[in-house]
1. Where the centre of each part is set by its Cα atoms, how far does segment 148-221 sit from segment 1-70, in angstrom?
2. If we count every other residue with Cβ under 14 angstrom of Pro10's Cβ, Lys/Arg +1 and Asp/Glu -1, where does the sum land?
3. Please check which bits of segment 4-44 a label hung off Asp150 would reach, taking the label as a point 7 Å along Cα-to-C-beta and the cut-off as backbone N under 17 Å.
4. Can you put His36, His47, His201 in order, fewest other beta carbons within 10 Å first?
5. Modelling each spin label as a point 7 Å along the Cα-to-Cβ direction, I'd like the Leu83/Ser20 distance in nm, to one decimal.
6. Just want the answer: with Cβ charges of +1 for Lys and Arg and -1 for Asp and Glu, which residue in Phe9, Ala25, Val61 is farthest toward the dipole's positive end in the chain?
7. Testing the spin-label approximation: label points 7 Å from Cα along Cα→Cβ at Asp76 and Phe54. State their distance in nm.
8. Could you identify which residue out of Asn190, Asn162, Asn203 has the top mean-square fluctuation in a GNM of the chain using Cα springs shorter than 10 Å?
Amino acid sequence: MKVDVISLFPRIFEGVFTESILQRAIDAGHLQVTIHDLRAYTTDKHHKADDYRFGGGPGMVLKAEPWFRVLKDIFDTSPRRPLVVFPTPQGEPFTQRTADALSRETHLIFLCGHYKGIEERVVERRVDRPYSLGDFVMTSGELASAAMLDAAVRLIPGVLGNLDSAMTDSFRDGLLDGPHYTRPEVFDNNSVPGVLLSGCHANIHLWRQAMARLITKRRRPDLIAKKQV
């Protein structure tokens, strides 16, 4: 997968792509990432990328011109038009299904907004998928982009050591994942549930299903309601 990220603060990504699974994905050739500094596509001597809003009111907006310039450069060097993703509170909810879909794309572009956001003409004419991480607002789109990328990239075949592990994650069957235990068997007078030590895989499977449903009912009853519709 090829990924272009356009950001007003590109250094935020320095640690994101140099650690853990994303770094291994790059090293193995599963992921190619290019970070574009939006200020490099401004034309004034101060490299100003934002301006006041028409109509007044507090907050600045990222200007349209730099976005169109950098996107043209990316489009012109790509054999097919990439899918443009815009993390925004105004987007549709980003879910596990969304991550699955993005993991199958060959070329993604992430637009990282800031201040009051990106000029609407950029959104209208260039954005394919506006997504929201949740009903809250962040200072900028860099961390949201990193989260969405991480969720998608880990599903690319070959990125995880065992893709089957991802197939049992939370939300795969509409439920949260259940609890997990490892050694030691007894810690601070608390023991691992006996069924996990029984060696009976059928019983272990049933126990894990029951615990997943119990945890989901306690923490996300909305998911239980969706499954019952």
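Read-outs throughout are calculated quantities, based only on the coordinates presented, and are distinct from any laboratory measurement. In this text the structure is predicted, and so the values were computed from the model without any measurement. Note that each Cβ is placed from the backbone with ideal geometry, even for glycine, and that neighbours are counted across all protein chains shown.
1. 36
2. -2
3. Hits in segment 4-44 for Asp150 at 17 Å: 11-26.
4. Values: His36 19, His47 13, His201 8.
The most exposed by this proxy come first: His201, His47, His36.
5. 2.3
6. Val61
7. Label at Asp76, label at Phe54, 2.7 nm between them.
8. Among Asn190, Asn162, Asn203, the largest GNM mean-square fluctuation belongs to Asn190.
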